[in-house]
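Written below as structure tokens is the structure these notes are about.
The values are calculated or read from the model by the stated rules, or taken from the named source; none is laboratory data. Source: prediction; values computed, not measured. Please note: Cβ atoms are built from the backbone with ideal geometry, for glycine as well, and neighbour counts cover all protein chains shown.
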Amino acid sequence: MIFPISLSYAGLALHIPSNSNHLIKFNTFIKASYQPYSENIKTILQEYWHEYVNNSHLEDCSVSGLHSKKENCIFWQQDLGSCIHLQNYGYREGRPCILLSLELPENTLPFPYKKSNPVVKKYLTGIWSKDHVPVTCTGETEADTRYLITQDPIFNSSITYSPFKGYSLDFFPQSRSPHYRAPLLMVQFNTLQPGLIVHVQCRVWAIYKNATKAIESVVKFQLHMN
């Protein structure tokens, strides 16, 4: 099975090997240590690519105003930024990419918070969009956040999100079609410090309509780079 996600699961989904126990541990100098994570991402993205090549009924929803809602949207992998296989999804450089998808029940619609909501000012300044639901990642504790978010002269941000605005609403509601693929998002951690275990939590900021079950908005995992 390509996706290590239960069919009964609903919400923000973390795509890492099922035997990792939510610990992403690797050594930048040892390919075998990060290969399970990079190969897992590669396998998932290949499935998306095969769906695009073999299905003429997918729609390019990136063109504003053209989505008919009758067909599934193509997910363009260039939207995942610098998280590509040729760069080992950042692991070799000590900038690991973590793949997240938003898996929602059929007919469930996500909506962004209203721009006037205090949550937007406090947590979503600069990334709020009327047609996307954003994702943010922080440390579980203040100490984790300090280790995770550090100043670096090379990178403008300690954490990069691709797509930057989050998940496009064009991908919802989920289609009954077997060709439907949930939208993806890469989170790249640019300034990890070696030798530290950092506890991370990522949250999708959405309000749901027609939800038939509890939806998980937060995923947690640990990063340990040597």
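Structural remarks
- Remark: pairs (first residue in the stretch 136-147, exposed (fewer than 12 other Cβ atoms within 10 Å of the Cβ); second residue among the polar types (S, T, N, Q); Cβ separation under 8 Å; 6+ apart in sequence or on different chains) are absent.
- Leading residue by the ranking (surrounded by the fewest Cβ atoms within 10 Å (Cβ to Cβ)) among those in the stretch 12-56 that are among the small types (Gly, Ala, Ser) and modelled with pLDDT of 95 or more: 32
- Counting the residues of the stretch 139-159 that are modelled with pLDDT of 95 or more and of a type in the set (S, T, N, Q) gives 1.
- Search result, residues across the stretch 191-206 that are within 21 Å of the chain's Cα centre (by Cα) and modelled with pLDDT under 95: 191, 192
- Exactly one residue among 124, 80, 100 is in contact (Cβ under 8 Å) with a residue 40 or more places away in the chain and under 22 Å from residue 178 (Cα atoms), and that residue is 100.
- For beta carbons closer than 7 Å, sequence separation of 6+ or different chains, a first residue in the stretch 31-57 that is closer than 16 Å to residue 20 by Cα and a second that is at pLDDT 95 or above and assigned to a helix (DSSP H, G or I), the qualifying pairs are 38/89; 41/89.
- Every residue from the stretch 174-190 that is modelled with pLDDT of 90 or more and in a strand (DSSP E or B): 184, 185, 186, 187, 188, 189
- Selection status of residue 171, at pLDDT below 95, in contact with a strand residue (DSSP E or B) (Cβ under 9 Å, 6 or more places away or on another chain) and surrounded by 19 or more Cβ atoms within 10 Å (Cβ to Cβ): yes
- Residues that are at pLDDT 95 or above, part of a loop (DSSP other than H, G, I, E, B) and touching a Lys or Arg at 6+ places or on another chain (Cβ under 7 Å), drawn from the stretch 88-126: 112
- One residue from 116, 129, 162, 157 being surrounded by fewer than 14 Cβ atoms within 10 Å (Cβ to Cβ), among the polar types (S, T, N, Q) and under 22 Å from residue 79 (Cα atoms): 157
- Residue pairs meeting the criteria (Cβ under 6 Å; at least 6 apart or on separate chains; first of a type in the set (Gly, Ala, Ser), in the stretch 195-207; second at pLDDT 95 or above): 206/110; 206/133
- Tally, over the stretch 174-218, of residues that are buried (at least 17 other Cβ atoms within 10 Å of the Cβ) and out of contact with any Phe, Trp or Tyr (no Cβ under 9 Å at 6 or more places or on another chain): 1
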